[in-house]
Structures are given as C-alpha cells and as structure tokens.
Amino acid sequence: MPDPAPPFEDVNERAREDWKKETSPFDRVRSVMRTAYEPLSAATIAEKALTSEQTARKHLRSLAEHGYVAETGAPDSKATLYQRDTDSLALEKARRILDETDTETLSRRVLEMREELREYGDRFGANTPEEAVRGHADIDAETLMEWRTTRRNLAFAEVALALSGVEDATGAAEAV
C-alpha cells in the first residue's frame, strides 16, 4: 500500500515563511512600500512585512530620511501614514525605461505621445483631461483613461530622457 500523501500545505503561508526567512525586516518593509499605491499606517505595513510595528516604524523613518517614502497625515486622525515618495517612484520608473529602451526610440515615442496629447486637446477643446471633464466635454471613460495614461507615460518618459542626458553629460565629463 502506498504511503499516504502529506497533509496539504497552505502555499501562501509557506511563501510568507520563506520570505521572512530569506529577507531582512528592512527589505520586507521596503518591498511593501514599493507596491503600496495608497498611504498606509505603520501597523498595516508591519502586518504586510511580517514584522513588528516598532520595527516597521524604525525602517520607515530610515526610508523617509533617504527620500524613498513620504510621511503624510491621515485626514480623519493624527495618525502618520506612509506612502511611496513620488520622486523616488519617478526615478525608479525612469531607470526601468532606460534599461528597456534606447534613447532614440524613447525620443521618438515622446514626440508621438506629445502629438497624441495635442490631438486629445484639439478634439475636446481642453488642455487636460480634467479640464475636459469640468467643461462637460462629451468624453467616454475609456478615452479619459487613455488620455490620462498617455500624460503619465509621457511624464515618465521625459524624466527618463532627462536622466539619460545627465548620465551622458556625467560620462562625458568623467572621460575628459
């Protein structure tokens, strides 16, 4: 008779245990903040990072000092909330774009997105999607989302191009 199958293991619990064993509390707190899309309390971050609230606060303060997270206030209480710093997010996204795209392609895509935005503006008689909505333009939700996404993507692409220029200038200066 074959051996009975081992008891079913909760895969998610096993993954959490492995994550906790293989990473430091600091790395787990940073990882939680990397994927946080809204401000979170230290208690929530601690729970997600599998650490104590006191340890999470210590690491959050360090991340805030280094510009990775920003401290904000909760609108309905005096609690401190933490969110990903927008500068940090923009630089990380720009770095990823530069790793995946050459500057010539990126420059061409920036021009294309600028043209797309001009076309949206002409079509709806507004400079921004928000202005179009306030002006009661006949704009469907999908088009509104595409316009906003193009604006966001253009902003990240322009940061990437600027970062590329800084790297080129710095590299040229170092070569002299």
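Taking amide H as placed 1.01 Å from N in the peptide plane, Tyr82 has its amide H under 5 Å from the amide H of Leu40, Ser41, Thr72, each at least 5 places away in sequence or on another chain. Dipole check for the chain: with +1 at the C-beta of Lys and Arg, -1 at the C-beta of Asp and Glu, and the Cα centre as origin, the magnitude is about 640 Debye. Taking a ≥ b ≥ c as the square roots of the eigenvalues of the alpha-carbon gyration tensor, the chain is classed prolate because a/c is 1.5 or more and a/b outweighs b/c.
Can you list the DSSP H helices in the chain whose Cα atoms extend at least 15 Å along the helix axis and whose mean Kyte-Doolittle hydropathy is -0.5 or higher? Intermediate values should be presented prior to the final figure.
Working: long enough: 11-22 (16 Å, -2.43); 53-65 (18 Å, -1.30); 86-100 (21 Å, -0.59); 103-124 (31 Å, -1.23); 141-175 (51 Å, 0.03).
Qualifying helices, which must be both long enough and hydrophobic enough, are 141-175.
How large a share of the accessible area of the chain, in percent, is made up of carbon and sulfur atoms when the probe is 1.4 Å and the other protein chains stay in place? Exposed carbon and sulfur together represent 52 percent of the surface. The ratio of the alpha-carbon radius of gyration of the stretch 42-84 to the globular-protein estimate 2.2 N^0.38 Å is 1.10.
If you take the square roots of the eigenvalues of the alpha-carbon gyration tensor of the stretch 1-105 and sort them as a ≥ b ≥ c, do you get rounded (a/c under 1.5), prolate (a/b over b/c) or oblate?
Values: a/c = 2.77, a/b = 1.37, b/c = 2.03.
Oblate, because a/c is 1.5 or more while a/b does not exceed b/c.
With q set to 0.15, 0.18, 0.22 Å⁻¹, the log10 of I(q)/I(0) for the stretch 57-161, from the Debye formula over equal scatterers at the Cα positions, is -0.82, -0.93, -1.03.
Label zone (Leu89, point 7 Å along Cα-to-C-beta; backbone nitrogen cut-off 20 Å) within the stretch 132-148: 144-148.
Can you tell me the accessible area per residue over the chain, all protein chains present, probe 1.4 angstrom, in square angstrom?
Values: 12090 Å² over 176 residues.
Result: 69 Å² per residue.
For Lys21, the lysines whose Cα comes closer than 22 Å to its Cα, not counting residues fewer than 8 places off in the same chain, are Lys48, Lys58.
The values are calculated or read from the model by the stated rules, or taken from the named source; none is laboratory data. Owing to the predicted nature of the structure, the values given are computational and were not obtained by experimental measurement. Neighbour counts are summed over all protein chains in view; Cβ atoms, including those assigned to glycine, are modelled from backbone coordinates with ideal geometry. Just so you know, the surface numbers come from the protein's heavy atoms only, side chains and all, with ligands and any DNA or RNA stripped out. Shrake-Rupley method; radii C 1.70, N 1.55, O 1.52, S 1.80 Å.
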